[in-house]
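K.L.:
The structure under discussion is supplied below as C-alpha cells; questions concerning it will follow.
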Amino acid sequence: MKKKICIIGCGTFGSYLLKRLLEKHGDGADITVVEIGHSKTQSESEVGLGSISEHSKVSTDGRYFGFGGTSARWGGQVLFFDERDNPEGDATWNEIVRINQRHKATVLKNLLGENVDLQEDRANIKTGIWLKYAKRNLFKRLGKSQLAPVKMMPGQRVVDFNIIEGRLNSVVCRSREGQTAEVAADVFYLTAGALESCRLLLALNAKTGLLDGTDLGKNFGDHISTELFTVHGAKPVINGVDFTPRLRRGSLVTQRMIVQTDDGVIGFLHCVFNKDIKAFKFLKELMFGKRSTTVTFAEFIGGVVFLFQFVFHLLFKNKLYVDETQWSLQLDMEQPVPNKNRLALSAEKDQYGEAAIQIDWQVSKKDLAYIAEMRKKIEHILKSNQLEFKALYNPATTDNKVEDVYHPVGCTRIGHDAKAVVNYNGRVKSINNLYHFSTGIFPSAKSINPSAAVLCFVEECLAGEP
Ligand SMILES: Cc1cc2nc3c(=O)[nH]c(=O)nc-3n(C[C@H](O)[C@H](O)[C@H](O)COP(=O)(O)OP(=O)(O)OC[C@H]3O[C@@H](n4cnc5c(N)ncnc54)[C@H](O)[C@@H]3O)c2cc1C
C-alpha cells in the first residue's frame, strides 16, 4: 500500500517539502495538499482569517496566503545559523546549529542550483544570499508534470484534527462557503505558517490537552529593528569589510555584522542603501509584489540618473549601485527568552467562525536597553572608522521607530526538554505522525532571516524518514 501523506498549507515550507517528497518518493506515495488559498496571493483579511494584535503587524502585513504563501512576497534572503549564533554553547542551539550545518549545502543547492561558500570563518561578518526574483516563489518551482500525481485541495482550510491514541487519523477542512471535507493520511505535515500553525495547535490543545505543560504559544519573538545611524559621503566599508551587495548568477550576495550585548544577546547590523531615492523605492516595491506605490511617475522619471547607474553597476560591475551621499545602518536584535510575549486563542471569531489569534507582543524595556547598549558600541566603531554619521536612534526619548520584521519565532519551540513543542525532526510532541515546520520552532531569531534555517529541519526530517 502506498504511504498517504498530507501537507497542511502550501506556502514557503509546504512547497519546498512537497518538491522534496516528490523527488524522494516519485509516485510511490499518495500526497494530498490542503491549502486555504488559491493561485492568487491574498492577505490575511482577503483570505478571511483574523488576528488581534496591538503592537505587531506580523499577522496583517507579514504573512500571505495561497500557493507559495509568503514566499510570493518575501525578500528571499538565505542565511543559516552557525556557531557564532551560540557563543554561550546552549544545548538547544548546539543542536539547531548542528542541523543547519549538516543540511545547508543541500538547501543551498536546492534553492540556488549550486553550493556556495558562506565564509563562516570571518569573525563577526555573515554572508546572506538574496535569491533572484524569479526564484523566490517556492511553489512556482514545481512543474505541472511534477504536480500531476498530487491531490491538490485549494480553497480548503484545515480547522480540526481527529486524534486517536496519540495518532492523527484525519484533518477536517472547511471552505469559506462552509462545506467540510476530511483528509485521512499516515503522515501529516503542518506547514501553515508560524502563526496559523500555532493557532491550530492551541485549538487542538484546548480540545485534548495533549500539549499541556509545553511552551506552546509562549516566548513569542521577532527581530526588533531600528535605524541607528545615517552615514554620509563614504563607501560602505567598516573595519575593512565592504558591505556593497554583489551580484552572483542573478542572486545578490550580502554582508552583515553579527553583534552581541554583554549579556550575550545576539543581533545583526546591516546597511540600507538608496533609501531616499524614489526610483529605488519603486523598484523595491515592485520586487516585493506591492500592488500600489507611493512613488509618482515624475519622481520615478526624476531618478533617471540613478536608474542608469543602477543598471550599469548591475550589468558591468556585478554589484548594487550605492549612493554614497547617504546610507543607513539598521540594527536587528533578537528578543531573548524567556519573555512575556505570547500567542493565544481569542474570543473573537474570524470569517470561518474559528477563534482569531491573539498576539500579545511588545518591545520590552530590556529590549530597548539592549538596543541602547549596541548603539553605543556601534557609534564607537563608526568613530574609529572615521566615518561621518548622524544618530537617528536616541535612547533618551520614547519616539524612536522600533519595529518587528516578520520573523516570528519561539511559539512552537524545538527541543528535547519537556516544555518543547516539537522535537529535532519536527515531530509534534505526543502525536506520532504530525510534523511541523515554521520559524516558530526557533527559540529566538539570533543573527539571521530564519527561513532557510527551517528548510534544514525539513531535510533533517526527510533524512530520517523510512
Ligand atoms: C516582506 C517580507 C520579507 C521577508 N523576507 C525574508 C527573507 O529575506 N528571508 C527570510 O528568511 N525570511 C523572510 N521573510 C519571512 C518569510 O517570508 C517566512 O519566514 C516564510 O515565508 C514562512 O513560511 P511558511 O511556510 O511558514 O508560511 P507561509 O509561506 O505563509 O505559508 C503558509 C501557507 O499555509 C496556508 N495556510 C494557512 N493556514 C492554513 C490552514 N488552516 N489550512 C490550509 N492552509 C493554510 C497559507 O495560505 C500559506 O500558503 C519575509 C517576510 C515578509 C513578510
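The values are calculated or read from the model by the stated rules, or taken from the named source; none is laboratory data. Not measured: the values here are computed from a predicted model. Cβ sites come from the backbone with ideal geometry, for glycine too, and all protein chains shown count toward neighbours. These accessible areas exclude ligands, DNA and RNA; they are computed on the full protein's heavy atoms, side chains included. Shrake-Rupley method; radii C 1.70, N 1.55, O 1.52, S 1.80 Å.
K.L.:
Starting from the amide H of residue 77, placed 1.01 Å from N in the peptide plane, find each other amide H under 5 Å away whose residue is 5 or more places distant or on another chain.
P.N.:
For residue 77, the qualifying residues are 131.
K.L.:
Let me ask something additional. Any number yet on Rg/Rh for the stretch 1-40, C-alpha, Kirkwood?
P.N.:
We get a ratio of 0.99 for the stretch 1-40.
K.L.:
Once both axes come from the Cα atoms, what is the angle between helix 12-25 and the longest principal axis of the chain, in degrees from 0 to 90, rounded to 10?
P.N.:
60
K.L.:
Put a dot 7 Å past each Cα toward the Cβ at residue 114 and residue 27; how far apart are the dots in nm?
P.N.:
Label-label distance for residue 27 and residue 114, simple model: 3.6 nm.
K.L.:
With θ set to phi - 60°, apply the Karplus curve 6.51 cos²θ - 1.76 cosθ + 1.60 along the stretch 174-180 and write out the HN-Hα couplings as whole Hz, x wherever there is a Gly or Pro.
P.N.:
9, 7, 5, 7, x, 6, 10
K.L.:
At q = 0.14, 0.19, 0.26 Å⁻¹, what is the log10 ratio I(q)/I(0) for the stretch 369-443, with the Debye formula run over Cα points and no solvent?
P.N.:
Those come out to -0.66, -0.80, -1.13, one per q.
K.L.:
Related question: Could you calculate, for the chain, the ratio of the Cα radius of gyration to the Kirkwood radius, expressed as Rg to Rh?
P.N.:
0.96
K.L.:
Hey, another quick one. Between the stretch 401-466 and the stretch 95-114, how many Å separate their Cα centres?
P.N.:
15
K.L.:
Residue by residue through the stretch 203-217, what is 3J(HN,Hα) from phi via Karplus (6.51 cos²θ - 1.76 cosθ + 1.60, θ = phi - 60°)? Round to whole Hz and write x for glycine and proline.
P.N.:
5, 4, 5, 4, 7, 10, x, 5, 10, 4, x, 8, 8, 3, x
K.L.:
Once a ≥ b ≥ c are taken as the square roots of the eigenvalues of the Cα gyration tensor of the stretch 267-399, is the result rounded (a/c under 1.5), prolate (a/b larger than b/c) or oblate (a/b not larger than b/c)?
P.N.:
Taking the square roots of the gyration eigenvalues as a ≥ b ≥ c, the stretch 267-399 is oblate.
K.L.:
Right, next: What are the residues whose amide H is under 5 Å from the amide H of residue 11, where those residues sit 5 or more places off or on another chain and H is modelled from the backbone?
P.N.:
When sequence neighbours closer than 5 places are left aside, the close amide H contacts are 68.
K.L.:
Shifting gears a bit: Excluding ligands, DNA and RNA, what is the solvent-accessible area per residue of the chain at a probe of 1.4 Å, expressed in Å²?
P.N.:
With all protein chains present, the chain gives 44 Å² per residue.
K.L.:
How much length is gained if the chain between residue 392 and residue 416 is pulled fully straight, taking 0.36 nm per residue apart and subtracting their Cα-Cα distance, in nm to one decimal?
P.N.:
4.4 nm
K.L.:
Gain in length, residue 297 to residue 184, computed as 0.36 nm per residue apart minus the alpha-carbon separation, to one decimal in nm?
P.N.:
35.4 nm
K.L.:
Same structure again: Report, in degrees rounded to the nearest 10, the 0 to 90 angle that the Cα long axis of helix 365-384 makes with the longest principal axis of the chain.
P.N.:
Result, in degrees: 40.
K.L.:
Given contacts defined as C-alpha pairs under 8 Å and at least six residues apart, what's the relative contact order of the stretch 183-308, whole-number percent?
P.N.:
RCO, the stretch 183-308: 11 percent.
K.L.:
Apply the Karplus curve 6.51 cos²θ - 1.76 cosθ + 1.60, θ = phi - 60°, to the phi angles in the stretch 44-52 and return the couplings in whole Hz, x for Gly and Pro.
P.N.:
Running phi through 6.51 cos²θ - 1.76 cosθ + 1.60 with θ = phi - 60° gives 4, 5, 4, 7, x, 8, x, 8, 10 Hz.
K.L.:
Label the stretch 426-466 by shape, choosing from rounded, prolate and oblate, from the square roots a ≥ b ≥ c of the eigenvalues of the Cα gyration tensor; if a/c is under 1.5 it is rounded, and otherwise prolate applies when a/b is larger than b/c, oblate when it is not.
P.N.:
oblate
K.L.:
Given an 8 Å cut-off on Cα distances and at least 6 residues of separation, report the relative contact order of the stretch 51-101 as a percent.
P.N.:
24
K.L.:
Could I have the simple spin-label model distance between residue 83 and residue 102, label points 7 Å from Cα toward Cβ, reported in nm to one decimal?
P.N.:
About 1.8 nm separates the two model spin labels.
K.L.:
Would you mind classifying the stretch 214-290 by shape? Square roots of the alpha carbon gyration tensor eigenvalues, ordered a ≥ b ≥ c; an a/c under 1.5 is rounded, otherwise it is prolate if a/b is larger than b/c and oblate if not.
P.N.:
oblate
K.L.:
Roll a 1.4 angstrom probe over the protein heavy atoms and tell me the percent of accessible area of the chain that is carbon or sulfur.
P.N.:
Accessible surface attributable to carbon and sulfur in the chain totals 51 percent.
K.L.:
Across all directions of projection, what mean area in square nanometres is found for the Cα convex hull of the stretch 97-172?
P.N.:
The orientation-averaged projected area of the Cα hull of the stretch 97-172 comes to 9.2 nm².
K.L.:
Then there's this: In degrees between 0 and 90, to the nearest 10, how far off the longest principal axis of the chain does helix 278-287 point, with axes built from Cα atoms?
P.N.:
20
K.L.:
In addition: With an 8 Å cut-off on Cα pairs and a minimum separation of 6 or more residues, tell me the relative contact order of the chain in percent.
P.N.:
Relative contact order of the chain: 24 percent.
K.L.:
From the helices alone, meaning DSSP H stretches of at least four residues, give me the mean residue ellipticity at 222 nm for the chain, per-run term -39500 (n - 2.57), in deg cm²/dmol to the nearest 500.
P.N.:
Using -39500 (n - 2.57) per qualifying helix, the result is -8500 deg cm²/dmol.
K.L.:
Write out the cysteines belonging to the chain for which the nearest other cysteine Cβ is not under 4.7 Å, or none if no such cysteine exists.
P.N.:
Cysteines of the chain left without a disulfide-compatible partner: 6, 10, 173, 271, 456, 461.
K.L.:
Could you name the aspartates and glutamates whose alpha carbon sits less than 14 Å from that of residue 57, not counting residues in the same chain fewer than 8 places away?
P.N.:
44, 222, 360, 403, 404
K.L.:
Using alpha-carbon positions, what is the distance between the centroids of the stretch 49-78 and the stretch 330-371, in Å?
P.N.:
Their Cα centres are 14 Å away from one another.
K.L.:
Okay, next question. Counting only residues 5 or more places away or on other chains, whose amide H sits under 5 Å from the amide H of residue 3 once H atoms are built in the peptide plane?
P.N.:
Amide H neighbours of residue 3: 30.
K.L.:
Now a separate question. Beyond a 19 Å Cα-Cα separation, which of these cross-linked pairs lie in this structure: 135/275; 2/104; 4/419; 109/132; 132/319?
P.N.:
Checking Cα-Cα distances, 135/275; 2/104; 4/419 exceed 19 Å.
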